[in-house]
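Notes follow the structure.
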Amino acid sequence: MSECKSFSAKVNNNSKILILGSMPGEKSLMETQYYAHPYNRFWKIMGILCKEDNMVAFSYEDRINVLLRCGFALWDVIGKCRRDGSLDSAIKDEMPNDIKGLLKKYPNIKIICLNGNKAFSSFKKYFPEILEDKKYSVHGLPSTSPANARYRMDDLLKCWGKVIISAPKF
C-alpha cells in the first residue's frame, strides 16, 4: 500500500470559496497537479463557472491562476493516507490537513465546497465544529471524478453551479 501526501493549498487573500477534495488520485500525484486525470470533469466545470470556456486547454499554472482570480481556493481534506490505486474507498490511515489553520489565515473564505462523498465524510469526521459554525456555508457536492459515472456533466454543472453562482462574489 502506497503512502499518499496531499499538495499544498492553492489559496490567496482573494479566496472566498474553498474547494476541498479527498486526496489526489494516482495521475494527479504523478503529475503533482490537482485533477490531472483527463476524464475528471473538475476543470471543465470550473472553466464554465469562471467564464473561461477553454480552461481545460490552459497550462496547470494558468488554471490555478484563473481559480485564484475568481476567488477560489483549492486543497484536500486529507493530508496523508495509505492507498493503492485512486479510489477513495481504498483510503486507509488518513490524517487531515490543517483546514482550521487555513481558514484562520484566510478569513475571507466563507463557503466550503466538498468534492465528493469521501471529502464530505472526512470533513465531517475531523471538522464537525466548522460544520456547526454559522460563519461558514458548507456544501457537499457530487464528485467530479470519472468514477462517479452516475452524474453526467450537465448534472454536475447544475449542482456545482447552484452553490457557486449563488455565492456572494458571483
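Is there a residue in the stretch 150-158 that is modelled with pLDDT of 90 or more, acidic (D, E) and either farther than 22 Å from M95 by Cβ or touching a Leu at 6+ places or on another chain (Cβ under 9 Å) (or both)? Yes: the stretch 150-158 contains one or more residues that are modelled with pLDDT of 90 or more, acidic (D, E) and either farther than 22 Å from M95 by Cβ or touching a Leu at 6+ places or on another chain (Cβ under 9 Å) (or both). For the stretch 80-137, a residue qualifies if it is basic (K, R), open to solvent by 50 Å² or more (accessible area, probe 1.4 Å) and in contact with a Cys (Cβ under 9 Å, 6 or more places away or on another chain), and the qualifying residues are K80, R82, K92. Regarding S59, is this residue surrounded by fewer than 21 Cβ atoms within 10 Å (Cβ to Cβ), more than 14 Å from the chain's Cα centre (by Cα), at pLDDT 95 or above and among the hydroxyl-bearing types (S, T, Y)? Yes, satisfied. Sub-7 Å Cβ pairs linking a first residue in the stretch 134-151 that is more than 12 Å from G116 (Cα to Cα) to a second residue that is charged (D, E, K, R) and open to solvent by less than 50 Å² (accessible area, probe 1.4 Å), at least 6 apart or interchain, number zero. The residues of the stretch 45-56 that are under 20 Å from L18 (Cβ atoms) and within 17 Å of the chain's Cα centre (by Cα), listed by number, are I45, M46, G47, I48, L49, C50, M55.
Output the number of residues of the stretch 5-22 satisfying the condition of being open to solvent by 10 Å² or more (accessible area, probe 1.4 Å) and of a type outside the set (S, T, N, Q). Result for the stretch 5-22: 6. Take the stretch 69-86 and flag every residue that is touching a helix residue (DSSP H, G or I) at 6+ places or on another chain (Cβ under 9 Å) and not in a strand (DSSP E or B). Matches in the stretch 69-86: C70, V77, D84, G85, S86.
The values are calculated or read from the model by the stated rules, or taken from the named source; none is laboratory data. These figures come from a predicted structure and were not determined experimentally. Cβ coordinates were reconstructed from backbone atoms using ideal geometry, including for glycine residues, and neighbour counts include every protein chain displayed. Just so you know, the surface numbers come from the protein's heavy atoms only, side chains and all, with ligands and any DNA or RNA stripped out. Shrake-Rupley method; radii C 1.70, N 1.55, O 1.52, S 1.80 Å.
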